[in-house]
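A short worksheet on the structure shown next.
The values are calculated or read from the model by the stated rules, or taken from the named source; none is laboratory data. Keep in mind that this is a model prediction, so the values were computed, not measured. Every residue, glycine among them, receives a Cβ derived from its backbone with ideal geometry; neighbour counts consider all protein chains shown.
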Amino acid sequence: MQKYLNSIIEGNCIEVMKNFDDEGIDLTVTSPPYDDLRNYKGYVFPFEEIAQELYRITKQGGVVVWVVADATINATETGTSFKQALYFKEIGFNLHDTMIFRKKNPIPQIYRKRYNNEFEYMFVFSKGVVSTHNPILVDCMHAGSELNGTTYKNYSKNEQKREKLAKPVKDKKIKGNIWEYVVGKKEEDQEAKGHPAPFPCQLVRDHIMSWTNQDGIVFDPMCGSGTTPRVAVEMGRNYIGIDISHEYCAIAKMRVKAIESQPALFNASIAA
Ligand SMILES: C[S@@+](CC[C@H](N)C(=O)[O-])C[C@H]1O[C@@H](n2cnc3c(N)ncnc32)[C@H](O)[C@@H]1O
């Protein structure tokens with residue numbers, strides 16, 4: 001697998017992944033073609049084989065982030081996202097978290113008696129118990145105050161009795177699992193405008209931060225414009241990216257090269 005490390009490979013991911021070692025990847029952040037929603041350049045997409053290979057190549061405790069949405073066909077959503085999530089569970093992954101990627105600037109849709117779609121799923125699968133979690137923290141709205149009668153310890157099914165917090169509300173808390181991003185507007189995201197559906201760089205950054213440490217190996221088997229490899233380089237991780245399209249691989253290589261040639265940015269992110 002060493003020969004694939006830190007490169008963008010043009011090819012069918014199912015063929016390329018067969019050459020990877022067992023349990024070599026810390027984190028996969030990827031997004032498959034959704035239900036023929038967009039016209040990519042001549043893809044073939046054997047979902048079940050790809051999921052099985054992902055399981056084989058993921059380290060114990062490693063994570064796969066699968067970003068996906070459904071098409072609406074003949075007045076019904078396909079449900080493909082859920083079917084895929086359940087298949088990942090069937091082959092051995094834990095469904096660690098079902099997260100939401102909310103778009104702050106969703107594309108307006110033709111009105112068809114439904115609300116405008118503004119999110120995608122980010123299924124977080126793990127092979128066994130997650131080994132690395134560096135949680136992102138956010139400010140607590142009521143930091144420092146003692147909220148009589150309204151702030152409680154976490155309670156669960158077996159814990160009917162709510163207990164009031166003894167201490168004042170902390171400054172920071174762990175971020176929720178609905179993550180919001182502006183799509184396609186930032187300069188770093190504009191680099192990918194030759195691709196129809198790139199990730200926002202910040203979405204990838206947040207997952208790499210959460211689920212890996214320095215020098216971890218980050219993978220995207222369908223990397224399109226190369227957002228996952230690009231951000232992995234920026235954050236001092238190793239990367240492997242695959243895409244079936246020659247045109248998208250060219251964009252991905254260009255983006256990675258541009259980051260590698262900015263040592264100031266690269267070093268700053270390593271120090272962070
Ligand atoms: C939703 S896009 C991924 C976009 C990517 N996350 C980005 O930030 O640009 C899906 C990609 O899968 C690629 N693809 C489809 N089938 C593939 C296969 N069998 N092997 C490798 N890539 C494939 C398509 O060319 C397309 O670029």
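Observations on the model:
- Hey, GLN2 away from the ligand (no atom under 16 Å from the Cβ), modelled with pLDDT under 95, over 23 Å from ASN116 (Cα atoms) and polar (S, T, N, Q) or not: yes
- Verdict on VAL204 being near the ligand (Cβ under 9 Å from one of its atoms), outside any loop (DSSP other than H, G, I, E, B) and under 16 Å from VAL256 (Cα atoms): yes
- Residues satisfying the stated conditions in region 109-132, i.e. of a type in the set (A, V, I, L, M, F, W, C) and under 15 Å from ILE178 (Cβ atoms): PHE119, MET122, PHE123, VAL124
- Among the residues of region 16-26, at least one is surrounded by fewer than 17 Cβ atoms within 10 Å (Cβ to Cβ) and either over 18 Å from GLY216 (Cβ atoms) or within 14 Å of the ligand (Cβ to nearest atom) (or both).
- Scanning region 214-247 for residues that are within 9 Å of the ligand (Cβ to nearest atom) and among the β-branched types (Val, Ile, Thr) turns up THR227, THR228, ILE242, ILE244.
- Remark: THR151 falls outside the filter, which requires a residue to be at pLDDT 90 or above, surrounded by 11 or more Cβ atoms within 10 Å (Cβ to Cβ) and not charged (D, E, K, R).
- Applying a threshold of 8 Å to beta carbon distances and a minimum spacing of six or more residues, or different chains, the list of pairs starting in region 14-36 at a residue that is over 23 Å from SER81 (Cα atoms) and ending at one that is assigned to a loop (DSSP other than H, G, I, E, B) and within 14 Å of the ligand (Cβ to nearest atom) reads VAL16/PRO221.
- Which listed residue, of TRP211, TRP179, is more than 25 Å from GLY11 (Cα to Cα), surrounded by 24 or more Cβ atoms within 10 Å (Cβ to Cβ) and either at pLDDT 95 or above or within 16 Å of the ligand (Cβ to nearest atom) (or both): TRP211
- Residue check: PHE266 meets all listed conditions (1) more than 8 Å from the ligand (Cβ to nearest atom); (2) modelled with pLDDT of 95 or more but one, namely (2).
- Residue satisfying all of: in region 193-213; more than 18 Å from GLU120 (Cα to Cα) and of a type in the set (Gly, Ala, Ser); nearest to the chain's Cα centre (by Cα) among these: SER210
- Boolean, ARG255 is basic (Lys, Arg) and under 13 Å from the mean Cα position of the chain (by Cα): no
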